[in-house]
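J.: This is the structure I want to talk about, given as structure tokens.
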Amino acid sequence: LFDEIIKVILDGTVDRTKKYVSNLQTPVMIIHAMGVLLPVMGLVLFPIIIIFMSDTVKPIFLFLGYDVFLPIALWYFITKTLSNKPPTFSQPDVSLVRGLPKLGETKLWDRVVPVILPSIGVVVLTLLVGLLMAPSILSDSPDPSQSMTFSVFIIMAASFGIASYCWFDSKDKIGIRNDIEKIEDEFSVALFQLGNQISSGKPIETSMDGAAENLTGMKIATMFNDASGNIKRFGFTFDQALFDKKVGAVWKYPSKLVRSIMKVVSDSSKKGMKAASSTMMTISRYLKGMHDVKGDVRESLGETTSSMSFLATFLAPMISGLTVTMAIIILQIL
């Protein structure tokens, strides 16, 4: 019955995901146009509009439309699009990691401090450098060129402040999140190996040792070694070896997916190791199907997302610089 339920879930998820991917192309193209192409086109037109239509088009209108209403509309459209996505991706939860700073905190010199403090320091340091480069800004009649220099440092200070906040907040968490994703990607293979070992009639600790040996080089292999060691040293049951509050093997792996599935496997093992083996093999097929679906989604959307990334990271900044230069040249000519 469990095998049939998993098969129905997997088939239904695959069908929903294929339908979702086919229906996602148009929303993604709209997001691409509104979120990347439209702003880039606006950057080119705004200087001309401000210079030649200053009487009818005020800067406040451009600010509200470009920096307020457009981001709100994009956020709503993206959220609505993602809400229709079938659950094929596991969201890593770094809050399960012991000793990791919470969101909004970072570790500096073995001390946990709010992220806002080093970010403020970066902003203040950038502004001080700007004052050193443009000392006349503090006088009653500042030099125009130094005023322009200091304005550049104001923009740099804001940019560096936001960038440093994001970097300090994520520098410890990104690596752990990547490790969790790697563990979850390996988990289907690990379950298949363990289920295959158990189905041959070996004891559970011997099966875990054999699976760990076949999984050499993978992070998930350590969990089987730890669980097997708990059974041998303390005489634990399979459930205790995994979920003992002090030495349970799963607590070293901050993944909801791993913990939830191992709990299902542990409960099924109470009905016999044959049932546990069948459960592992079935869930392994289900996880492999999920990974295949995830690969299909990324392949289908890869061209569009790559184009968006290129425009946002390279082309848009270059066009911004050219646009500002063009505006200055037009002003000088006029």
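The values are calculated or read from the model by the stated rules, or taken from the named source; none is laboratory data. Worth saying up front: this structure is predicted, and the values here are computed from it rather than measured. Using ideal geometry, Cβ is built from the backbone for each residue, glycine included, and neighbour counts are taken over all protein chains shown. All accessible areas refer to the heavy atoms of the entire protein, side chains included, with ligands and DNA or RNA removed. Shrake-Rupley method; radii C 1.70, N 1.55, O 1.52, S 1.80 Å.
J.: Of the conditions (1) out of contact with any Gly (no Cβ under 6 Å at 6 or more places or on another chain); (2) open to solvent by less than 40 Å² (accessible area, probe 1.4 Å); (3) touching a residue at least 40 places away in the same chain (Cβ under 8 Å), Ile116 clears all except one; give me its number.
T.: Of the numbered conditions (1) out of contact with any Gly (no Cβ under 6 Å at 6 or more places or on another chain); (2) open to solvent by less than 40 Å² (accessible area, probe 1.4 Å); (3) touching a residue at least 40 places away in the same chain (Cβ under 8 Å), the odd one out for Ile116 is (2).
J.: Still on this structure, please answer the following. Check off (1) at pLDDT 85 or above; (2) part of a helix (DSSP H, G or I) for Thr222 and give me the number that stays unchecked.
T.: Of everything listed in (1) at pLDDT 85 or above; (2) part of a helix (DSSP H, G or I), Thr222 misses just condition (1).
J.: Out of curiosity, is Ser188 out of contact with any Cys (no Cβ under 8 Å at 6 or more places or on another chain), over 30 Å from Gly295 (Cα atoms) and either part of a loop (DSSP other than H, G, I, E, B) or open to solvent by less than 20 Å² (accessible area, probe 1.4 Å) (or both)? Write out each step before concluding.
T.: Details: out of contact with any Cys (no Cβ under 8 Å at 6 or more places or on another chain): yes; over 30 Å from Gly295 (Cα atoms): no; either part of a loop (DSSP other than H, G, I, E, B) or open to solvent by less than 20 Å² (accessible area, probe 1.4 Å) (or both): yes.
Answer is no for this residue.
J.: While we're looking at this one, here's another question. With the condition being open to solvent by 90 Å² or more (accessible area, probe 1.4 Å), touching a Gly at 6+ places or on another chain (Cβ under 8 Å) and modelled with pLDDT of 80 or more, I'd like the helices (runs of 4 or more DSSP H) fully within segment 1-85 carrying at least 2 qualifying residues. Spell out how you get there, then give the answer.
T.: Numbers: elements: 2-32, 38-52, 59-64, 70-83.
Fully inside segment 1-85 and qualifying: nothing.
J.: Any idea which residue in segment 198-224 is farthest from the chain's Cα centre (by Cα), counting only those that are buried (at least 24 other Cβ atoms within 10 Å of the Cβ) and of a type outside the set (A, V, I, L, M)?
T.: Top of the filtered list is Ser207.
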